[in-house]
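The structure under discussion appears below in the form of structure tokens.
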Amino acid sequence: MGSAQPSLQQLSYSSGNKQNQGMYSRFISAVSAGRQPSLIREMTKILAAAPPEMIPLSGGFPNPEMFPFKNLTISVENGSPISLSGKSLQSALQYLPTNGHPALLKQLRDLQLAVHKPNETIWSNTDI
């Protein structure tokens, strides 16, 4: 016989934090609630926060000064151009932590705060 599945009340949206019980638990399956973070992904988060003097060869973070591109312009479906250069282009070309681009995550976090107004006690300890 297999092990018993936890009830929805026992599940929590965690991202490694068990204080988030009840906030989004109704959306998380038992399989998702039981997932543990990948060690490589956790290492990537640490390496992404490393000072620029450090060249972390293990995580595949190339020196952004060595990228062969100086600027990039693409056209989206409606014909509007999107241009990137300098630090924005370097950031876009660099490997990122698995959870996503930090500037986009900040925008999503701000949107969540403005629209859903989550409980600050829970939200201050939650990742997107």
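Restricting the first residue to the range 42-56 and requiring it to be more than 15 Å from Q94 (Cβ to Cβ), which pairs with a second residue that is open to solvent by 70 Å² or more (accessible area, probe 1.4 Å) meet a Cβ separation below 8 Å and a spacing of at least six or different chains?
Listed by first residue and then by second, the contacts come to M43/S58.
Of everything in the range 81-113, what is open to solvent by less than 50 Å² (accessible area, probe 1.4 Å) and on the phi < 0 side of the Ramachandran plot? Give them in sequence order.
L89, Q90, S91, Q94, P97, L105, Q112
Which ones in the range 64-80 are touching a strand residue (DSSP E or B) at 6+ places or on another chain (Cβ under 9 Å) and loosely packed, with under 11 Cβ neighbours inside 10 Å?
K70, N71, T73, I74, S75, V76 - these are the residues of the range 64-80 that are touching a strand residue (DSSP E or B) at 6+ places or on another chain (Cβ under 9 Å) and loosely packed, with under 11 Cβ neighbours inside 10 Å.
Looking at (1) among the aliphatic types (A, V, I, L, M); (2) modelled with pLDDT under 85; (3) surrounded by 13 or more Cβ atoms within 10 Å (Cβ to Cβ), which one does A49 not meet, given that it meets all the others?
(3)
Between a residue in the range 82-108 that is closer than 20 Å to I40 by Cα and touching a residue at least 24 places away in the same chain (Cβ under 8 Å) and any residue that is in a helix (DSSP H, G or I) and among the basic types (K, R), which pairs come within a Cβ distance under 7 Å, given they are 6 or more apart or on different chains?
That search, which allows pairs on different chains as well, returns P97/K45; T98/R41.
The values are calculated or read from the model by the stated rules, or taken from the named source; none is laboratory data. Everything numeric in this text was worked out from a predicted model, so none of it was measured. Cβ: placed from backbone, ideal geometry, glycine included. Neighbour counts: every protein chain shown. Surface areas here come from the heavy atoms of the whole protein model, side chains and all, with no ligands, DNA or RNA. Shrake-Rupley method; radii C 1.70, N 1.55, O 1.52, S 1.80 Å.
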